1. Are any of the residues in segment A:357-369 charged (D, E, K, R), open to solvent by 30 Å² or more (accessible area, probe 1.4 Å) and more than 30 Å from residue A:238 (Cα to Cα)?
2. When the residues of segment A:323-333 are filtered to those that are touching a helix residue (DSSP H, G or I) at 6+ places or on another chain (Cβ under 8 Å) and surrounded by fewer than 15 Cβ atoms within 10 Å (Cβ to Cβ), which remaining residue is nearest to residue A:472 (Cα to Cα)?
3. Against the conditions (1) away from RNA strand B (no atom under 14 Å from the Cβ); (2) within 29 Å of residue A:322 (Cβ to Cβ); (3) more than 27 Å from the chain's Cα centre (by Cα); (4) buried (at least 21 other Cβ atoms within 10 Å of the Cβ), where does residue A:232 fall short? Just the number, please.
4. If I ask for residues that are in contact with a strand residue (DSSP E or B) (Cβ under 8 Å, 6 or more places away or on another chain) and open to solvent by 60 Å² or more (accessible area, probe 1.4 Å), which ones from segment A:112-131 would you list?
5. Given the condition without any contact (Cβ under 8 Å) to a residue 60 or more places away in the chain, open to solvent by 30 Å² or more (accessible area, probe 1.4 Å) and of a type in the set (A, V, I, L, M), answer yes or no: does some residue in segment A:132-147 qualify?
6. Just to be sure before I move on: is residue A:47 assigned to a helix (DSSP H, G or I), over 30 Å from residue A:211 (Cβ atoms) and modelled with pLDDT of 95 or more in the structure I sent?
7. Name the one entry in A:175, A:169 that is in a loop (DSSP other than H, G, I, E, B) and within 30 Å of residue A:84 (Cα to Cα).
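The values are calculated or read from the model by the stated rules, or taken from the named source; none is laboratory data. Just so it is clear, the structure is predicted and the values come from calculations on it, not from any experiment. Cβ placement follows ideal geometry from the backbone for every residue including glycine, while neighbour counts extend to all protein chains displayed. Quick note on the areas: whole protein, heavy atoms, side chains included, nothing else; ligands and nucleic acids left out. Shrake-Rupley method; radii C 1.70, N 1.55, O 1.52, S 1.80 Å.
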Amino acid sequence: MEKEAPHLLEKREKKERREGLPELKNASKGKVVLRFAPNPNGPLSFGHARGIVINGKYAQEWDGELILRFDDTDTVVKPPLPMAYDQIPEEAEWLLGFKPHRIVIASDRIPHYYTYAERMLQRNFGYVCQCSGEAFKEFRVSKTECPCRNNDVDANLELWSKMLDGTFVPGDAVVRVKTSMQLKNPALRDWPALRIQNTSEHPHPRKEVGSKYRVWPLLDFQSAVEDHLQGVTHIIRGKDLMDSTRKQTLLYEHFGWDYPETMYWGRVKVHEWGGFSTSQMRRDIESGLFSGWDDLRLPTLTGLRSRGITAEALRNFWIELGVTQKDISVPLATLFSHNIKSIDDDAPRLSFLRNPTKLSLKGQHPQSISVDVHPNHASMGERKFDLAKGEIWVEANDMKNDEIRLKGFANVSLKGREAYLGSIERDDRRPIIHWLSESNAVDAELLLAEDGEIRTIQGKIENHTYPPGTMVQIERIGYAKVIDSTTLVFTHD
RNA sequence: GCUCGUAUAGUGUAGUGGCCCAUCAUGAAGGACUCUCAUUCCUUCGACCCGGGUUCAAAUCCCGGUACGAGCACCA
């Protein structure tokens, strides 16, 4: 047996747990093109981060390209926000650590979409439909073909020109892709590809586009054509777009193109946030409910960033969730644990006192004492507390015990507002508290997003010179982000 | 209603017919270290939706059920 079938004797290797993202099908090094296509109707949100991280990670792993595409083809329902065109690329770069390789703006590419729409009409796999939405809905449900379906090519071209020249107004006509009205899935039956928008009343917010076009492609058509034009090889997106894939595949068959490989992820909810939409956030900001897109309470990328969540934490978080099609609900604690891993090593320790109470030191004490900036990294230096005045601050809450230890300093016995110095050595298990010397304490505020509100906690902070944006750990409280020398934003425990 | 999809510990996740009385993370509990309620480390807890079938063998394949989600927009 050893000679004839040695493989049967070999102990099979223990399967190893797959690390990172699942294998990309049909991929070859250097030839992968992916895209992330948000509607620029606001800055990026937490959910968008998944699209950027996953697509970006694959692009990186396969030495390919990531396209950032603005799907800004709606000027009425979800009109784009001009600032988003600048902000999104910056946010994407912050999150990825590299710039997207290409940026495509759909509203710049309308002529291309017209070209393919005309080709579709000429080859007779598309038609101009003058039925109302209601009327077509009935055809769709009853699997019957609408009369417009039998227009000949010339008639369609004639109607198409009326769409373009303004003879038709929104609702008068749309261009449909001929699939089949017999398709099992109603969503796929002769789906709409282009429609008319009233761009005099609702101009496109980009000045260079404005009211230039009346006819605009719908997502499925625009995206399908653009993916082909850009040579996209893999589409990874939410599973709510599964039927989109099926619609687009039918269009690709008409054109004789090959559809990219696809992967989908399910819906993600965050326990603590529930649902939110870009449009709703936009209204709430405009009405003054939130201070801006970077409001600490908002699940936008910029909001999370201002709260102190790092790009690295976000990346690791989304990669850990992977690309499963399950609909999931994650607790913020998961994101926070990634964030702690990302910041703790570099976070200087700082004291912040809530309800500060002043005590006077009684007994012999040194003029100053020094403690580490970071307990695990002596290289980060020391901070020095000046004790010449013999006055210190502690949190009122910590005065419940009379016998306490001032961290890094000495044991004290409390008698009212007087603290009698005891052993310098730690010789018992009394509670250890954080404290500040009077001369090193500055009035300060700790901002905290909680239950949809921003609470301000007044207190005393240890004087420091860390630049804005520095992530610090406030001892016994949690991690925070430095706004200025006397303001902190609480990140998480 | 029609169509599509998903179902593994509290929460995520690995697993594509035998390595699985099921991986890893997070969480919870306990402990070690530590002059922070931090970090790090250790231990423990805890799961294959239900019912059939195929097979020598099923978390893995098939059928049915159930639950949840999505699409059926002249939104993206």
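1. Residues of segment A:357-369 that are charged (D, E, K, R), as a first pass: A:358, A:362.
Checking which are open to solvent by 30 Å² or more (accessible area, probe 1.4 Å) leaves us with A:358, A:362.
If we keep only those that are more than 30 Å from residue A:238 (Cα to Cα) too, we end up with A:358, A:362.
Yes: one or more hits.
2. My answer is A:328.
3. Status for residue A:232: all satisfied but (3).
4. Residues satisfying the conditions do not exist here.
5. Here is the first cut: in segment A:132-147, the residues without any contact (Cβ under 8 Å) to a residue 60 or more places away in the chain are A:132-147.
Now narrow it down to the ones that are open to solvent by 30 Å² or more (accessible area, probe 1.4 Å): A:132-135, A:137-145, A:147.
Imposing the further condition that a residue be of a type in the set (A, V, I, L, M) reduces the set to A:135, A:141.
Within segment A:132-147, one or more residues are without any contact (Cβ under 8 Å) to a residue 60 or more places away in the chain, open to solvent by 30 Å² or more (accessible area, probe 1.4 Å) and of a type in the set (A, V, I, L, M).
6. It is false that residue A:47 is assigned to a helix (DSSP H, G or I), over 30 Å from residue A:211 (Cβ atoms) and modelled with pLDDT of 95 or more.
7. Details: A:175 fails: in a loop (DSSP other than H, G, I, E, B).
Step by step, each of A:175, A:169 is checked, and only A:169 is in a loop (DSSP other than H, G, I, E, B) and within 30 Å of residue A:84 (Cα to Cα).
Yes or no, residue by residue, for (1) closer than 28 Å to residue A:367 by Cα; (2) open to solvent by 40 Å² or more (accessible area, probe 1.4 Å); (3) of a type outside the set (Asp, Glu):
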residue: A:435; (1), (2), (3): yes, no, yes
residue: A:449; (1), (2), (3): no, no, yes
residue: A:455; (1), (2), (3): no, yes, yes
residue: A:474; (1), (2), (3): yes, no, yes
residue: A:481; (1), (2), (3): no, no, yes
residue: A:484; (1), (2), (3): no, yes, no
residue: A:490; (1), (2), (3): no, no, yes
